[in-house]
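Reading through the C-alpha cells given below for one structure.
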Amino acid sequence: DNIALQQLAQKMSLKATDVLMKLIQMGMGGVNINSTLDSDTAKLLASEFGYEVENVAKSDDDMIAEARGAAGAQEDLEARAPIVTVMGHVDHGKTSLLDRIRKANVAAGEAGGITQHIGAYRVDTGKGPIVFLDTPGHEAFTAMRARGAQATDVVVLVVAADDGVMPQTREAINHARAAEVPIIVAVNKIDKPGARPDQIRQELSGLGLQPEDWGGDTLFVNVSALSGENVDVLLENIALQTEIMELQANPAAAAEGVVLEAYLDKGRGVVANVLVQNGTLNQGDLMLAGVALGRIRALTDDRGRRVKNAGPATPVEVLGLPDLPQAGDQFFVVADQKKAQELVDARKKAVAAKAKTTTAKGLEDLYAMMKAGEVQELNLVIKSDVAGSVEALVKALTELSTEKVKVNVIHTGVGGITENDVMLATASKAIIIGFNVRPAGQAAAVAKSEGVEIRQYSIIYEAVDEVKKAMTGLLAPVF
Ligand code: GDP
C-alpha cells in the first residue's frame, strides 16, 4: 500500500512541510512534497509522530465502511421528508415562526401532544411531512457544516417586513449559498402597520433573490408568526419546492445521520438528539457517533413518546452512548463492534494529536496543493473596517483567478472577524482576510483549533500581492 505524503500528513493533522522535514531528517533522499511513500516508510514516519501503523493505512471512511459491513447497501429508495433550517436577523421572528408551526401542527389532545425539545421536530402538512431544525440561525447550521455534516435541504429566510435586510440577513444568505442550499423567503410581521413587503422583495432582489412573480426563481411568502396568517401557505411552498428535489432515502438500510446536540443528564447519562438521514434506527442498534460507541438503550420521538425505531428524516432522542458526541458529528449504525472500537480509538488519538499541533491549511500550502491537483478553488472570507475597502478587495482578489485556480469570495462583511466567520471558513475551507480589523472574542482561539488561517492587512496591495504570490508558489513562509 502506498500513500501520498500529503495525504499522510493530512491524516495526522500535520503540515505536509513538517512531515517532509521529518523524512529528510530521517535520512530519506530524493523526496519532495508530492512524493508517494511505501507502507514501510509511511509506518516508520507515522511512528515518529506517535501514530500507530494500522491507523495510517486506513482512512476514517474506510474504517466506517468496514465497521458497518453490508449494512450500508443502497436499494429500495423511498421519498423522504425535507429538512428545513430557519435563518434570519435577530428579532425578525425565527423563534416565533418555529413555535407557531409546531403548535399549529400538533393537534391538541393528540396522544403525547406535549412537544419535547430534541433539536428538531416533524410536522404533518397537507402536502406531506416536513422536519424543522429547532435551533434557528446560521451559527448552528455552519457549525454543523464545519464538522462535515449537511443536514438541511431548504433554508427559510425570515425577514421582518417592517425592518428590511440587515447584516445577519446577508450572512444567512451567504451561508446558505456556500452550502448550496435553496432559500425560501418568509416575509414576516406582515400584520404590523409599518409592514412593506414589496420593499423587502426589492432589497432581496438586489442580493440576487428575485421573487418568482417578478420573473425570478425565489419563493416569497408573506406571513405573520404572531397571528399565524399564511403560515400554512409557507409550509405548502416548502413542500412544493422540495418535491422538485426528489429527496430520497432507504428505510431498509442501517441508520446514519447527524448529531444535532448532546449533553450529559444526571439520571439518564449521555443524551444525544440525532436526526436520522438514511436507514432506520432501532433500539438495540450499535451506534457510532464521533468518539462515542454504544448500544441504544432507548429512543424517544419529538412528542416525548418512547419508540422502537426511527426512519429517514426523523429526529429522535437517543440514550445509551457511553461518551459525549459533538453537535455535527455524523453517526452510523455499525455491525462490527471490534472494527468500530478501533475507529473510535483512532479518532480519540487524532483528537489528542490535533490538540498538540494545529494545522494551517492556509496560503503557504496553497501552491503545493495546487500542484498536487488538490485545489482548484481558493475560498476567501473578507472582513474590513469600511465597505469601500471590502468592494476593492473583492474586485482585486477575484481578478486573480486563473484557469487553474478560481478565487471565490464566499462571505464579506464590515467589522471584526467573528467566530461565525471562522466557522464559515472552516466549513468552506476558506482563508480569512482581515483588512484593518482583528479577530474578536473567541475568533482567534477557534481559528487556531479549527486550523483556519487568518491573514491581516492594512494595505490592499499587500493583501492582493500575497494571495498572488501564494498562487504562484512564491510566498515566503512565516515562521
Ligand atoms: P428571533 O430573534 O428571530 O428568533 O425573533 P423572535 O421570534 O424572538 O421575535 C422577536 C420579536 O418579534 C418578539 O417580540 C415577537 O413577539 C415579535 N414577532 C415575531 N413575529 C411577529 C409577527 O409576525 N408579528 C408581530 N407583530 N410581531 C412578531
Spin-label model distance (nm) - Asp191 vs Glu399, 7 Å beyond Cα toward Cβ: 5.2
Residue-averaged 222 nm ellipticity for the chain, from DSSP H runs of 4+ at -39500 (n - 2.57), nearest 500: -10500 deg cm²/dmol
The stretch 392-479 - charge dipole about Cα centre, Lys and Arg +1 at Cβ, Asp and Glu -1, debye rounded to 20: 100
Longest segment of the chain lacking trypsin sites (Lys or Arg not before Pro) that sit in a DSSP loop with at most 15 other Cβ atoms within 10 Å: 128-265
Relative contact order of the chain, pairs being alpha-carbon contacts under 8 Å that are 6 or more residues apart, as %: 14
Label-point separation, Asp213 to Ala440 (7 Å along Cα→Cβ), nm: 3.8
Given charges at Cβ of Lys, Arg, Asp, Glu: the stretch 209-271 dipole, positive-most of Val231, Leu247, Leu260: Leu260
Cα-based shape type of the stretch 220-336, given that a ≥ b ≥ c are square roots of the gyration tensor eigenvalues and the cut on a/c is 1.5: prolate
DSSP bridge orientation in the chain - percent antiparallel, rounded to nearest 5: 55
Exposure proxy ranking, count of Cβ atoms within 10 Å, fewest first, for Phe331, Phe435: Phe435, Phe331
Relative compactness, the chain, computed as alpha-carbon Rg over 2.2 N^0.38 Å: 1.05
Coil-residue GluC sites (Glu not before Pro) of the stretch 136-231, DSSP, other Cβ within 10 Å capped at 10: Glu180
Within-12-Å neighbourhood charge of Val90 [Cβ basis; K, R +1; D, E -1]: -3
Residues Leu275, Leu264, sorted so that the one with the fewest Cβ neighbours within 10 Å comes first: Leu264, Leu275
Net charge dipole size for the chain [Lys, Arg +1 and Asp, Glu -1 on Cβ; Debye, nearest 20]: 1060
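Only the coordinates and a few stated rules stand behind these numbers; no lab work does. It should be emphasised that the depicted structure is a prediction, and the values quoted were computed from it without experimental measurement. Virtual Cβ from ideal backbone geometry, glycine too; neighbours counted across all protein chains shown.
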